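Asker: What follows is a structure written as structure tokens; I'll ask about it next.
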Amino acid sequence: AKRNLILAFESSCDETSVAVIEDGHKILSNIIATQIDSHKRFGGVVPEVASRHHIEQVTRCLNEALEEANVTYDDLTAVAVTYGPGLVGSLLVGVTAAKAVAWAHQLPLIPVNHMAGHIYAARFVSEFHFPQMALLVSGGHTEIVYIEDEYHFQILGETRDDAAGEAYDKIGRVLGVTYPAGKVIDDWAHEGNDTYHFPRAMEKENNFDFSFSGLKSAFINTVHNAEQRDDELNKYDLASSFQQSVVDVLAEKVMRALDQYPVDQLILAGGVAANAGLRDRLERDIETLHPQTTLIKAPLKLCGDNAAMIGAAGYVAYNHHILADMDLNAVPGLEL
Ligand code: KG4
Ligand code: ZN
């Protein structure tokens, strides 16, 4: 049989990425150009800077993706692209590039939700069995998703303020860690202990929502008060206490969601899914509390934004005849 080859574009935030995916789960190439260095000195992503970078990188990424996969446009089955959620100017670069390729080579165009993409990063480590649940934790989102059947997403709960990754980045800044701070705080957390006992917002509430802004404020107040009193602060204990609080609420809420919605598989995905503390904790909790459910952690390399995950989701969308035409537009606030 002819190979299904999907060319995928991702440009929703600060990563320009183009990939070629074979039959939905084999990565032939996954080129990622990160702009982190350009945003570092601003402490976060600057939308105008991001759009310009995407424009500068997208053609190079495209050419490298095709070359590394050793395929030509004639070999392709379809083109997939992230059309939301994300920064509108950034999204538009990927959408425009994907449309240009689809139009020039008469290929079907597959619109992909970025968060569906994060879920399908897990498809590279395991086949999917339904029903599923996904814990999606990234710089922009924190949500628990119930997936009754393939590509049928239902959000059970989400953050009411900051996303988990955003909280990491904000408290990192207070400790002088450059953007994005998640990995450094995660590493420090393993050198310290939960001595500060920060709040665990909404942990005991009977819903699947989250809130991280109170934790962020408690953290910032602790640091400022200590500085005013000239008290010694232990950054490892601070990181550890913060992380313990985040991991506690995430794990506790997901385990409670699983009580109510039993599933075959729990997927952990999104940038914060790279967190070692979170990965370990979910592994332990699943084993003791929900042994019938299999935890599928997105591979470390595919937790952050990349086009391979968009290609994997795009393959499934294509099989479900989810297609777009040339008037496809970016949708910054797109929901699952
Ligand atoms: O999914 P992603 O690459 O971009 C968005 O779609 O938002 O997620 C980026 C976020 C950043 O906030 C970053 O600090 C966080 O993921 N992150 C981590 C870790 N690695 C990246 N947070 C906690 N622990 C980590 N090891
Ligand atoms: Zn993302």
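Every read-out reported here was derived from the displayed coordinates using simple, explicitly stated rules and does not represent laboratory data. Please read all numbers here as calculations on a predicted model, not as lab measurements. As a convention, Cβ positions derive from the backbone with ideal geometry for all residues, glycine included, and neighbour counts pool all protein chains shown.
Asker: Among the residues in the stretch 97-116, are any under 29 Å from residue 166 (Cα atoms), out of contact with any Pro (no Cβ under 9 Å at 6 or more places or on another chain), within 16 Å of ligand 2 (Cβ to nearest atom) and not aliphatic (A, V, I, L, M)?
Answerer: No, there is no match, as no residue in the stretch 97-116 is under 29 Å from residue 166 (Cα atoms), out of contact with any Pro (no Cβ under 9 Å at 6 or more places or on another chain), within 16 Å of ligand 2 (Cβ to nearest atom) and not aliphatic (A, V, I, L, M).
Asker: Between residues in the stretch 280-297 that are more than 14 Å from residue 248 (Cα to Cα) and residues that are outside any helix (DSSP H, G or I) and of a type in the set (Ser, Thr, Tyr), which pairs lie under 6 Å by C-beta distance while being six or more apart or on different chains?
Answerer: 296/126
Asker: Can you find a residue in the stretch 225-233 that is touching a residue at least 40 places away in the same chain (Cβ under 8 Å), not in a strand (DSSP E or B) and not charged (D, E, K, R)?
Answerer: There is no residue in the stretch 225-233 that is touching a residue at least 40 places away in the same chain (Cβ under 8 Å), not in a strand (DSSP E or B) and not charged (D, E, K, R).
Asker: Any chance the stretch 107-126 includes a residue that's without any contact (Cβ under 8 Å) to a residue 60 or more places away in the chain and of a type outside the set (A, V, I, L, M, F, W, C)?
Answerer: Looking for residues that are without any contact (Cβ under 8 Å) to a residue 60 or more places away in the chain and of a type outside the set (A, V, I, L, M, F, W, C), one finds none in the stretch 107-126, hence no.
Asker: So, residue 159, is that one among the polar types (S, T, N, Q), within 14 Å of ligand 1 (Cβ to nearest atom) and in contact with a Phe, Trp or Tyr (Cβ under 7 Å, 6 or more places away or on another chain) or not?
Answerer: When the stated conditions are applied, residue 159 passes them.
Asker: Taking the residues in the stretch 1-59 that are within 16 Å of ligand 2 (Cβ to nearest atom) and charged (D, E, K, R) as candidates, determine which candidate is farthest from residue 175 (Cα to Cα).
Answerer: My answer is 10.
Asker: Report whether or not residue 134 is among the small types (Gly, Ala, Ser), part of a helix (DSSP H, G or I) and touching a Phe, Trp or Tyr at 6+ places or on another chain (Cβ under 9 Å).
Answerer: no
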